[in-house]
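Read through the structure below, which is laid out as structure tokens, and then see the notes.
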Amino acid sequence: MLKFLAILVLMLAPSLAFAEVSPQQRAVEAVLADSAAGWNAGDVARFMASYSDAPETSFVTEEGLVRGKAAMLARYKAKYDFGDPAKRGVLTFTSVDFRLLDPTHALYVGGWALAYPNGTSAKGYTSLIMALEPGGWRINADHSS
């Protein structure tokens, strides 16, 4: 029995190593969790805090490219009613992939979902280029579908 357990541990050890989450990934996921919490509370400023203030910050959707945080904020406000949870929905993210590109940039790929009180939902995927700034990790480029 002991020999069987030892073999089982050796077989599972490589997969357990892949399951480890880096400190950078944890930090990025914390930023996204706080962003989702802001969305869910109707706090658009808290939601947008996950985006970099850099002028080259971009957001790409099926509608096209939006550049700059102010333009992105205007788009979100035009598309979603942050004062009405029934129109805003509840936002969640699910991590799919994370790659550290260099010490200050990472690629996060995740699923996003919006659940509405009437039982409808919307979902898709997002690819985020994250940049490590003095205030922490921020979204520099967002491509969502």
- Query: Which one of these does residue 98 not meet: (1) without any contact (Cβ under 8 Å) to a residue 40 or more places away in the chain; (2) in a strand (DSSP E or B); (3) farther than 19 Å from residue 49 by Cα?
  - Reply: (1)
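Any residue at all in segment 90-105 that's surrounded by fewer than 14 Cβ atoms within 10 Å (Cβ to Cβ) and modelled with pLDDT under 95? Break it down into steps so the answer makes sense when it comes.
Pass one, segment 90-105, residues surrounded by fewer than 14 Cβ atoms within 10 Å (Cβ to Cβ): 94, 96-97, 99, 101-104.
Retained after the next criterion (residues that are modelled with pLDDT under 95): none.
No; the residues of segment 90-105 include none that is surrounded by fewer than 14 Cβ atoms within 10 Å (Cβ to Cβ) and modelled with pLDDT under 95.
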- segment 54-75, residues that are under 15 Å from residue 138 (Cα atoms), in contact with a helix residue (DSSP H, G or I) (Cβ under 8 Å, 6 or more places away or on another chain) and free of Cβ contacts under 8 Å to residues at least 24 places away in the same chain: 69
- Message: For a quick check of your reading of the model, give me the residue pairs whose first member lies in segment 22-49 and is β-branched (Val, Ile, Thr), whose second is part of a helix (DSSP H, G or I) and at pLDDT 95 or above, with beta-carbon atoms closer than 8 Å and at least 6 apart or on different chains.
- Response: 44/38; 44/73
- If you go through 122, 78, 113, 86, the only one that is loosely packed, with under 12 Cβ neighbours inside 10 Å, free of Cβ contacts under 8 Å to residues at least 24 places away in the same chain and among the hydrophobic types (A, V, I, L, M, F, W, C) is 78
- Message: Considering only residues that are of a type in the set (A, V, I, L, M), surrounded by 15 or more Cβ atoms within 10 Å (Cβ to Cβ) and over 12 Å from the mean Cα position of the chain (by Cα), which ones fall in segment 33-47?
- Response: 44
- Item | segment 125-145 - residue that is surrounded by fewer than 14 Cβ atoms within 10 Å (Cβ to Cβ) and either more than 20 Å from residue 46 (Cα to Cα) or aromatic (Phe, Trp, Tyr) (or both) and, of those, modelled with the highest pLDDT | 125
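The values are calculated or read from the model by the stated rules, or taken from the named source; none is laboratory data. The structure presented is a predicted model; accordingly, all values stated were derived computationally and were not measured. Glycine also receives a Cβ, built like all others from the backbone with ideal geometry; neighbour counts cover every protein chain displayed.
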